[in-house]
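Below: one structure, written as structure tokens.
The values are calculated or read from the model by the stated rules, or taken from the named source; none is laboratory data. This is a predicted model, so every value here is computed, not measured. So basically every Cβ, Gly included, is an ideal-geometry build from the backbone, and we count neighbours across all protein chains shown.
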């Protein structure tokens, strides 16, 4: 082989290696993608049974029913009034409750309108709503930043952080005072 042929062989081998790596990464991502839907979206564009999706919205008031063992049934609603019934087997997050934001991940079973979830994510504090849900509510004009929890008499966003900062400052001053007393 000439020098040129060796160089072309190495370049072709490297390019084929990169191509195979890119194809493997794309295949892996296509297997783990779960598209986000709200109940109103599912009413407009149904999803094929067995297709893995994320379903987000609010847990319907009065919809949580506990079955045998760890089976829980509840409804996910959105402002459009659409409802999707969800079945989940497992331990729910501590902050899961009616009227709160939730994102579930799973699929519809063949021949059923019940969404079978294998993952349930609930809000983690008083001002949190899952990003996808908040974005959809904002797009529909049903959620305004800074209103929601503050308008319901709860602590305004940022006020809690200011209180924590003052508490940290007071602790720092207390430690500093102890250190100055301890030194002769």
For the stretch 26-51, name all the residues that are at pLDDT below 85, closer than 17 Å to residue 132 by Cβ and part of a helix (DSSP H, G or I). 32
Somewhere in the stretch 105-127, is a residue within 21 Å of residue 63 (Cβ to Cβ) and modelled with pLDDT under 80? yes
Sort out which residues of the stretch 1-36 are within 22 Å of residue 81 (Cα to Cα) and either touching a residue at least 24 places away in the same chain (Cβ under 8 Å) or in contact with a helix residue (DSSP H, G or I) (Cβ under 9 Å, 6 or more places away or on another chain) (or both), and write them in order of number. 36
Conditions: (1) closer than 18 Å to residue 129 by Cβ; (2) part of a helix (DSSP H, G or I). Residue 5 meets all but one. Number of the miss? (1)
Only unsatisfied item for residue 41, checking (1) buried (at least 16 other Cβ atoms within 10 Å of the Cβ); (2) without any contact (Cβ under 8 Å) to a residue 24 or more places away in the chain; (3) in contact with a strand residue (DSSP E or B) (Cβ under 6 Å, 6 or more places away or on another chain), is (3)
Of the numbered conditions (1) modelled with pLDDT under 85; (2) in contact with a helix residue (DSSP H, G or I) (Cβ under 6 Å, 6 or more places away or on another chain); (3) closer than 30 Å to residue 50 by Cβ, residue 101 satisfies every one except a single condition; which is it? (1)
